[in-house]
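Enquirer: Here it is, the structure, as structure tokens.
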Amino acid sequence: MEARVQTSSMCRDWKEVYKAALLEDDNTKIPQRIADAETALAARATELYGATDDQIREQQAMENARYFLRVLGTTQGLLNTPGDYLSQKQKLHLQTA
């Protein structure tokens, strides 16, 4: 039950997790920060499935956040192609699972 509360909190705070990824200055931590932000975004997207008009703005902001996370990964030399992005995301998911 405690893990569910933490996940729900992470969903609501996806912006904070996203900002942490963008502002991370330790290159060794950036891949994990990106993975954490992606996880928070995915969880929040699930919560917003079938969203009302009020939530469409948040969905648009989340799409922008996903884009900039991919840009961050590319500029850090973590990702070269979309395939690299998916491979890296899967590796990080396996490491944290």
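The values are calculated or read from the model by the stated rules, or taken from the named source; none is laboratory data. Only a predicted model underlies this, so the values are computations on that prediction, with no experimental measurement involved. Quick reminder, even Gly has a Cβ in these numbers, built from the backbone with ideal geometry, and neighbours come from all protein chains shown.
Enquirer: Can you name the number of the only condition in (1) surrounded by 10 or more Cβ atoms within 10 Å (Cβ to Cβ); (2) at pLDDT 85 or above that D25 fails?
Expert: All conditions are met except number (1).
Enquirer: Working carefully through the options A35, A45, A65, find the one that is in contact (Cβ under 8 Å) with a residue 60 or more places away in the chain, part of a helix (DSSP H, G or I) and surrounded by 16 or more Cβ atoms within 10 Å (Cβ to Cβ).
Expert: A35 is the lone residue from the list that is in contact (Cβ under 8 Å) with a residue 60 or more places away in the chain, part of a helix (DSSP H, G or I) and surrounded by 16 or more Cβ atoms within 10 Å (Cβ to Cβ).
Enquirer: Across the stretch 42-63, which residue is modelled with the highest pLDDT among those that are over 11 Å from the mean Cα position of the chain (by Cα) and closer than 17 Å to K19 by Cβ?
Expert: Across the stretch 42-63, the extreme among qualifying residues is A61.
Enquirer: Moving on to the next point. Could you go through the stretch 51-61 and let me know if any residue there is crowded, with 17+ Cβ neighbours inside 10 Å and either assigned to a helix (DSSP H, G or I) or not basic (K, R) (or both).
Expert: no
Enquirer: Which pairs have Cβ atoms under 7 Å, sit 6 or more apart or on different chains, and link a residue in the stretch 16-28 that is farther than 15 Å from V71 by Cβ and touching a residue at least 12 places away in the same chain (Cβ under 8 Å) to one that is surrounded by 14 or more Cβ atoms within 10 Å (Cβ to Cβ) and aliphatic (A, V, I, L, M)?
Expert: Close Cβ pairs satisfying both conditions: V17/M10; V17/A37; V17/A40.
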